[in-house]
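Asks: Sharing a structure here in structure tokens format.
Read-outs: derived from the displayed coordinates by stated rules, not from any lab. Not measured: the values here are computed from a predicted model. Cβ placement follows ideal geometry from the backbone for every residue including glycine, while neighbour counts extend to all protein chains displayed.
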Amino acid sequence: MTIAVTYENEMIYQHFGHTAQFKLYQVENGAVVSSQVVDTLGSGHGALAGFLAAHQVDTLICGGIGGGAQMALAQAGIKLYGGVCGEADAAVEALLAGDLEYNPNVRCNHHDHGEDHTCGSHGCGSHSCH
């Protein structure tokens, strides 16, 4: 099993479509056996589901994510845990323990945001990281 987390400075990056890195965790028998940070190489919203599929990701943990990206992940067979905040490593451990708090209805819709809004500065949708 491979788990991906949107990643920046050991934390879960809060905007899926703008993440520059994912931290990938290889899991065997319910435990992390290795991890690595990979660059998205500038891939945007539309390409990230394919990027994750190419890295054989089964599960994604992230903060805010839009509906289109959610559909692309579902079509790629990637299970989504959105609306998650905090340290990436701790979130993966919580997921493996069955204790991860996430928002199954998380949405980040840019059409509703003002001009000075940046999703990376806070938790988008109906969750908060503060």
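Asks: Inside the stretch 2-19, can you point out the residues that are on the phi > 0 side of the Ramachandran plot and either hydrophobic (A, V, I, L, M, F, W, C) or without any contact (Cβ under 8 Å) to a residue 12 or more places away in the chain (or both)?
Replies: Of all residues in the stretch 2-19, those on the phi > 0 side of the Ramachandran plot come to 9-10.
Selection gives Asn9 alone.
Asks: May I pose another question? Looking only at residues that are surrounded by fewer than 16 Cβ atoms within 10 Å (Cβ to Cβ) and either small (Gly, Ala, Ser) or over 13 Å from the mean Cα position of the chain (by Cα) (or both) in the stretch 54-75, which one is nearest to Glu28 (Cα to Cα)? Walk me through it before giving the result.
Replies: Kept after step one, since they are surrounded by fewer than 16 Cβ atoms within 10 Å (Cβ to Cβ), are these residues of the stretch 54-75: 54-56, 58, 67-68, 71, 74-75.
Subset that is either small (Gly, Ala, Ser) or over 13 Å from the mean Cα position of the chain (by Cα) (or both): 54-56, 67-68, 71, 74-75.
Details: Ala54: 19, His55: 16, Gln56: 14, Gly67: 30, Gly68: 31, Met71: 27, Ala74: 23, Gln75: 24 Å.
Going through the qualifying residues, I end up with Gln56.
Asks: Among Thr40, Thr6, Thr19, which is over 12 Å from the mean Cα position of the chain (by Cα), surrounded by 13 or more Cβ atoms within 10 Å (Cβ to Cβ) and closer than 18 Å to Leu73 by Cβ?
Replies: Details: Thr6 fails: over 12 Å from the mean Cα position of the chain (by Cα); Thr19 fails: over 12 Å from the mean Cα position of the chain (by Cα).
Step by step, each of Thr40, Thr6, Thr19 is checked, and only Thr40 is over 12 Å from the mean Cα position of the chain (by Cα), surrounded by 13 or more Cβ atoms within 10 Å (Cβ to Cβ) and closer than 18 Å to Leu73 by Cβ.
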